[in-house]
Amino acid sequence: MKRVAKWLGGITLGLFVLALALVAHTWYFKPLKLDWFYTRVFAAFAVESPEMLSSMRILPGWLDFYSKKLDDASPAHTAKQFAKLKQDLAVLESYGTEGLDAEGKLSYESLRFFLKNQVEGEPFMHHGFPVNQMMGVQSMLPQFMTDVHQVTTKGEAEAYITRLDLFPTKFGQVAESIKLSESKGIVPPKFTVDKVLKEMQAVVAQPAKEHVLYTNMRDKLAKVKDLADADRAALLAQTEKAVKDSVYPAYGKLIETFTALQAKATANQGAWSLPNGEAYYAWSVRSHTTSNMTPQQVHDLGLAEVERVGAEMDAILKGEGLNEGTIGKRVQQLASRPEQQYPNTDEGKKAMLAEYQAILDEINKGLDPVFDVRPKLGVEVQAVPVASQATAPGAYYMQGSFDGSRPGVFYANMRAPGETPKFAMRTLAYHEGIPGHHFQIAIQQEMTGVPFFRKIIPFTAYHEGWALYAERLAAEQGFQKTPLDNLGRLRDEMMRATRLVVDTGIHYKRWTREQAIDYMMNSTGMSEGDVTAEIERYFVNPGQALAYKVGMLKILELREHAKKELGAKFDLKQFHNEVLVHGALPMTLLEGVVNDWIAKRKSA
């Protein structure tokens, strides 16, 4: 028996050593299987992004090694990431696609497209503005703490405080990146520096106990059961101390960095003004549209779309008795009518949020005729956090968690409810919520039988193209109840069309900030506050705004092509399945998916 036990022990030890060797080989060298490589790519990225792991909540509690950490935002880490991207691309291409089925090829080609695009952007790794009026560590990190970091136990509360104490490190890394960009002649627009300074100065002017990071902890702790009052009081005292001694000093150092920037940030200019700016913008256009369109082609497309959508809007406006002035001025006249505005009061804001939720609930019940696949995860409507309202867009979507504990959220900006007239609310809800971003992102998260990276990989033209397509689909299905509701849809479609013109105008044709604002106001009829926020957004994120219209037009083109090819065999439900169930894809790959589906339907 001893000999048998010794023999079995030797085999067990040998198998364990072999398993360790296989794991080591998979991690450090080319994995034996492509799927193992996919796992390695995601795992290596996830291990270095504790904030992403907190957001997704895909690991069991006993594997929580990340809740007391924040992402590394240093220039050294950025350089390390680019080196890894190049290495991953080379390894991926060494496998090839021979022997892969259709879904396997989609996984391969989508990851290859993503990695190749990122590697092509390496010369511009410092061209972005990591802190701007739209987003950045000064606004997004506090929101991450309040909206993502959960506090349901004493341990999670302690992790929250530990993360607050890491604010100086994270802010310092971002400041280092800003200074490196500055040394290369890459300086944000003047309005960005001024607005970010004002935003941060307002943060540190608050008493610590009034700061959202303190009040959020207070509210979360109030819901934790079986927590002694003494422990709750101690945790709140530690939170107040962390806000005073860590968070506020972190803001203070970044305020110093931006104060120093003011001397150099003297103009509001597009990407063309940056070193190698024309090449940077051309790459940004390709990256966000997942196409080979040039800035000039995008600009020309925008002009044509502005003319087409404007004709439809003009007809509705004339039906309302508004015949004189630009499209924009007439829409503004309509939007300013008292019956089109919620009052700028607490009651008005609550009523507006409730109406958004009612719109989502209504359409969610009526989409069975055109959708087979629906997400399991729900969506809620919430107000944009007060600290971010001044510079945030009119609305945005934040995805829910993978474990279902946090729903998707449609954030509506309540800085001034009248900026969004009632006739524009449906379109906004359809875009950000149902069947727009919430459907697409939640369905992608719930995909099965694919490598995990397919559940999270981002392609802007797909994401935003689908959400804009969803606005039109809702109208086609009768959810835009009145001509004015349809005007709201067209107003937002006009905004996306003008984006093609003004984004290329700013970054390629050297338009001024004021020139771009005037063009968008005259074309869309949006409020000056909304238009200004939009234009300033385009300045700090070149090319991103082009993805909406380019993506939508491609999806519509594929739908019309399928209708023409299939005739009576065309099924809108099945078309939507093909667009959604494979997750986010570059437009070129999506076209291949639809064409394969058409071929199968024809032969069925």
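The values are calculated or read from the model by the stated rules, or taken from the named source; none is laboratory data. Predicted model only: the values in this text are computed from it and were never measured. Note that we place each Cβ from the backbone using ideal geometry, even for glycine, and neighbour counts take in every protein chain shown.
Taking Val148 as the residue in question, decide whether it is surrounded by fewer than 17 Cβ atoms within 10 Å (Cβ to Cβ), within 28 Å of Gly172 (Cα to Cα) and modelled with pLDDT under 95.
When the stated conditions are applied, Val148 passes them.
If you check Glu324, Glu347, Glu355, Glu305, which single one turns out to be charged (D, E, K, R), in contact with a Lys or Arg (Cβ under 9 Å, 6 or more places away or on another chain) and surrounded by fewer than 13 Cβ atoms within 10 Å (Cβ to Cβ)?
Glu324
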Checklist entry - What are the residues in segment 567-590 that are assigned to a helix (DSSP H, G or I), of a type outside the set (S, T, N, Q) and crowded, with 16+ Cβ neighbours inside 10 Å, if any? => result Leu572, Phe575, His576, Glu578, Val579, Leu580, Met587, Leu589, Leu590
Checklist entry - Taking into account only those residues within segment 497-544 that are within 18 Å of the chain's Cα centre (by Cα) and assigned to a loop (DSSP other than H, G, I, E, B), which is nearest to Pro393 (Cα to Cα)? => result Asn541
Item to check | Residue identified as within 20 Å of the chain's Cα centre (by Cα) and in a loop (DSSP other than H, G, I, E, B) among Pro375, Pro369 | outcome: Pro375
Checklist entry - Taking Val331, is it modelled with pLDDT under 95, surrounded by 13 or more Cβ atoms within 10 Å (Cβ to Cβ), of a type in the set (Val, Ile, Thr) and part of a helix (DSSP H, G or I)? => result yes
Checklist entry - Looking at segment 557-566, is at least one residue in a helix (DSSP H, G or I), surrounded by fewer than 22 Cβ atoms within 10 Å (Cβ to Cβ) and assigned by TED's automatic domain parsing to the domain that holds Trp511? => result no
Item to check | Residue among Glu476, Glu493, Glu446 that is acidic (Asp, Glu) and either in contact with a strand residue (DSSP E or B) (Cβ under 6 Å, 6 or more places away or on another chain) or crowded, with 20+ Cβ neighbours inside 10 Å (or both) | outcome: Glu493
Item to check | Enumeration of residues in segment 335-344 that are surrounded by fewer than 19 Cβ atoms within 10 Å (Cβ to Cβ), touching a residue at least 24 places away in the same chain (Cβ under 8 Å) and assigned to a helix (DSSP H, G or I) | outcome: Glu339, Gln340
Checklist outcome for this item: Checked segment 27-41 for anything in a helix (DSSP H, G or I) and modelled with pLDDT under 90; matches are Trp27, Tyr28
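Would you check if there is a residue in segment 522-542 being free of Cβ contacts under 8 Å to residues at least 12 places away in the same chain, charged (D, E, K, R) and under 21 Å from Val579 (Cα atoms)? Spell out how you get there, then give the answer.
Initial filter on segment 522-542 (free of Cβ contacts under 8 Å to residues at least 12 places away in the same chain): 528.
Filter again for charged (D, E, K, R), leaving 528.
Adding the requirement that they be under 21 Å from Val579 (Cα atoms) leaves none.
No, segment 522-542 contains no residue that is free of Cβ contacts under 8 Å to residues at least 12 places away in the same chain, charged (D, E, K, R) and under 21 Å from Val579 (Cα atoms).
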Next on the checklist: Looking at the structure I just gave you, is Ser291 buried (at least 20 other Cβ atoms within 10 Å of the Cβ), over 23 Å from Gly136 (Cα atoms) and among the polar types (S, T, N, Q)?
Outcome noted: yes
Next on the checklist: Looking only at segment 128-152, how many residues end up being β-branched (Val, Ile, Thr) and not in a loop (DSSP other than H, G, I, E, B)?
Outcome noted: 2
Item to check | Selected residue (only one of Tyr548, Tyr508 is buried (at least 21 other Cβ atoms within 10 Å of the Cβ), within 30 Å of Pro375 (Cβ to Cβ) and of a type in the set (Ser, Thr, Tyr)) | outcome: Tyr548
Checklist entry - Is it fair to say Ala429 is in a helix (DSSP H, G or I), closer than 22 Å to Pro385 by Cβ and not β-branched (Val, Ile, Thr)? => result yes
Next on the checklist: Residue pairs, Cβ under 7 Å, 6 or more apart or interchain, first in segment 401-427 and surrounded by fewer than 18 Cβ atoms within 10 Å (Cβ to Cβ), second of a type in the set (S, T, N, Q). List them.
Outcome noted: Ala416/Asn344
Checklist entry - What helices (runs of 4 or more DSSP H), lying completely within segment 42-127, carry at least 2 residues that are exposed (fewer than 15 other Cβ atoms within 10 Å of the Cβ)? => result 75-95, 102-120
Next on the checklist: Can you say whether Gly96 is on the phi < 0 side of the Ramachandran plot, out of contact with any strand residue (DSSP E or B) (no Cβ under 6 Å at 6 or more places or on another chain) and not assigned by TED's automatic domain parsing to the domain that holds Val540, as far as the supplied structure shows?
Outcome noted: no
